[in-house]
Amino acid sequence: MAVEHDVLDAGLAEDGKRRIEWADRQMPVLARIRERFEKEKPLEGLKVAACLHVTTETANLMRTLAAGGADVALCASNPLSTQDTTAAGLVHEYGIPTFAIRGIDQEGYYRHLGAVLDRHPQVTMDDGCDLVTLLHQKRKDQLPEVIGGTEETTTGIIRLHAMEDQGVLGYPIVGVNDADTKHLFDNRYGTGQSTLDGIIRATNVLIAGKTFVVYGYGMCGRGVASRARGMGADVVVVEVDPTRALEAAMDGLRVMTGRDAASQGDIFVTVTGNKHVIRGEHFELMKDGAILANAGHFDIEIDLKALKGMAGEVREVRPEVNAYSLGAERTIYVLSDGRLVNLAAAEGHPASVMDMSFADQALSLEWLKNNIESLEKRVYKVPTEIDKEVARLKLETMGVRVDELTDEQKAYMAAWEEGT
Ligand code: ADE
């Protein structure tokens, strides 16, 4: 039977397969889960609609779910992150229904979300909550068919908690981002490396010696700041949370307000998850040649509408780099239209960290299916056993051994009598 799809070009499929296999070499934990899934078929017959960045790493997750017996279809969770080679490979080499074309407009983006929902999924696997929102707003009639879901990212989980609080969440969802083996690694090392990678691929600027401003000091911000610092930048952090700001200061970084940072920075990166973090009052103060990028989930962190309103002219000066002229004296450069620079201008997080995030996804889906009878319409954490198992497997595949407690130490940890 023909595989349903909407991808750019079937001719890219072979290249896509080679790239997917390359990523697979760095995803040994997921490969082990795939081997087990192939034998045990724990997801047999489960209809899954996935809305994720269409990358080689995601392709390996889709292969794993299909190996477990799931009937899976994929659409993109961001119009600029799709790798057309991967999308073609998924359809024409692996037979997985895929709806994703890089650079597609808003209407096409939602048409693709609609296409995976047209298949009447029992499970959603989302990154950013757009699929879940569409289902709850425009496809309410399908809600009773859905037994559960998973969510990949911080931004999505925030939206899900808002739905839970308002009592509108239609089914249980596992927030994969909250697993330690997800956010401590993917958010920090993945966003850290891939954001610098995106900025460098887009601009080829030297990071050493630049004043590099990071907005937000959560796990992603910490990763970006530490990588920029490692490359020789003078890193400034802008935060609203006092504890996080204190942490940045004690990590040896300069902490200041958005207005103070605006006049000092050479490169600006937003990773807050909030909107209009860099706005008109900041553009006014920026130096000629300032470079702006976003690595947060949505393209709302830099107020591009305001910048367009202030600019005489906007022109593309290199792929992924738009120049905004502010009078005769100053030009500000925005990367990837303020969309996730690590996925739009580079290839997203390296496979080695996505290995853990997607192992969490695959095992959470299995857990959801096995426990569905007892779950309520709530946001669930990834069970600790899964989190620890993913860490254990990752260490094993890295050839790293952990120590064990002696019986005496176990007894000491369980006792209260022994003191000074
Ligand atoms: N999110 C960030 N990096 C990613 C990647 N490489 N694949 C899928 N989702 C991602």
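The values are calculated or read from the model by the stated rules, or taken from the named source; none is laboratory data. Predicted model only: the values in this text are computed from it and were never measured. Glycine also receives a Cβ, built like all others from the backbone with ideal geometry; neighbour counts cover every protein chain displayed.
Things worth noting here:
This table checks each residue for (1) within 24 Å of the chain's Cα centre (by Cα); (2) buried (at least 24 other Cβ atoms within 10 Å of the Cβ); (3) within 16 Å of the ligand (Cβ to nearest atom).
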position: V3; (1), (2), (3): no, no, no
position: L12; (1), (2), (3): no, no, no
position: E21; (1), (2), (3): yes, no, yes
position: R25; (1), (2), (3): yes, no, yes
position: C51; (1), (2), (3): yes, yes, yes
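For every residue, the table says whether it meets (1) modelled with pLDDT of 95 or more; (2) surrounded by fewer than 19 Cβ atoms within 10 Å (Cβ to Cβ); (3) part of a helix (DSSP H, G or I).
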position: M62; (1), (2), (3): yes, no, yes
position: G69; (1), (2), (3): yes, yes, no
position: E107; (1), (2), (3): yes, yes, yes
position: G114; (1), (2), (3): yes, yes, yes
position: P121; (1), (2), (3): yes, no, no
position: M125; (1), (2), (3): yes, no, no
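- Yes/no for S352 being farther than 17 Å from D180 by Cα and either crowded, with 21+ Cβ neighbours inside 10 Å or hydroxyl-bearing (S, T, Y) (or both): no
- Screening S352 against (1) within 13 Å of the ligand (Cβ to nearest atom); (2) among the small types (G, A, S); (3) touching a Ser or Thr at 6+ places or on another chain (Cβ under 8 Å) leaves a single unmet condition, (3).
- Take the conditions (1) of a type in the set (V, I, T); (2) touching a helix residue (DSSP H, G or I) at 6+ places or on another chain (Cβ under 6 Å); (3) more than 30 Å from M286 (Cβ to Cβ); V321 misses just one of them, which is (3).
- Which numbered condition Q361 fails, given (1) buried (at least 23 other Cβ atoms within 10 Å of the Cβ); (2) farther than 30 Å from V205 by Cα; (3) more than 16 Å from the ligand (Cβ to nearest atom): (3)
- Enumeration of residues in segment 235-252 that are of a type in the set (A, V, I, L, M) and either exposed (fewer than 14 other Cβ atoms within 10 Å of the Cβ) or under 16 Å from V271 (Cα atoms) (or both): V235, V236, V237, V238, V240, A245, L246, A248, M250
- First in segment 75-87 and over 9 Å from Y109 (Cα atoms), second anywhere and more than 9 Å from the ligand (Cβ to nearest atom) and acidic (D, E), Cβ under 6 Å, 6 or more apart: T85/D15
- Count - residues of segment 273-288 that are surrounded by fewer than 21 Cβ atoms within 10 Å (Cβ to Cβ) and out of contact with any Lys or Arg (no Cβ under 8 Å at 6 or more places or on another chain): 7
- Which listed residue is touching a helix residue (DSSP H, G or I) at 6+ places or on another chain (Cβ under 7 Å), polar (S, T, N, Q) and surrounded by 23 or more Cβ atoms within 10 Å (Cβ to Cβ), from T154, T191: T191
- Within segment 47-66, the residues that satisfy the criterion of being in contact with an Asp or Glu (Cβ under 7 Å, 6 or more places away or on another chain) and not β-branched (V, I, T) are K47, C51, L52, H53, N60.
- Any strands (runs of 3 or more DSSP E) falling wholly within segment 276-358 and containing at least 2 residues that are among the acidic types (D, E): 313-318
- Close Cβ contacts (under 7 Å, 6 or more residues apart or on different chains) running from residues in segment 97-122 that are on the phi < 0 side of the Ramachandran plot to residues that are among the basic types (K, R) comprise L117/R139; R119/K47; P121/K47; Q122/K47.
- For segment 71-95, filtering for residues that are buried (at least 23 other Cβ atoms within 10 Å of the Cβ) and more than 25 Å from N342 (Cα to Cα) leaves 1.
- Put simply, of V116, V174 the only residue that is of a type in the set (A, V, I, L, M) and over 30 Å from P319 (Cβ atoms) is V174.
- Filter result (in contact (Cβ under 8 Å) with a residue 40 or more places away in the chain and acidic (D, E)) within segment 226-276: D266
- Of all residues making up segment 13-50, the number that are part of a loop (DSSP other than H, G, I, E, B) and modelled with pLDDT of 95 or more: 8
- Segment 395-413 - residue that is farther than 30 Å from S352 by Cα and within 39 Å of the chain's Cα centre (by Cα) and, of those, surrounded by the fewest Cβ atoms within 10 Å (Cβ to Cβ): M413
- Residue in segment 362-420 that is nearest to H136 (Cα to Cα), counting only those that are of a type in the set (S, T, Y) and not in a helix (DSSP H, G or I): Y380
- In the set A362, A346, A328, A351, only one residue is at pLDDT below 95 and among the aliphatic types (A, V, I, L, M); that residue is A328.
- D126 out of contact with any strand residue (DSSP E or B) (no Cβ under 6 Å at 6 or more places or on another chain) and closer than 29 Å to D299 by Cα: no
- For segment 247-275, a residue qualifies if it is among the hydrophobic types (A, V, I, L, M, F, W, C) and either part of a loop (DSSP other than H, G, I, E, B) or touching a strand residue (DSSP E or B) at 6+ places or on another chain (Cβ under 8 Å) (or both), and the qualifying residues are A248, A249, L253, V255, M256, A261, A262, I267, F268, V269, V271.
- Residues within segment 98-157 that are within 16 Å of the ligand (Cβ to nearest atom) and of a type in the set (D, E, K, R), tallied: 6
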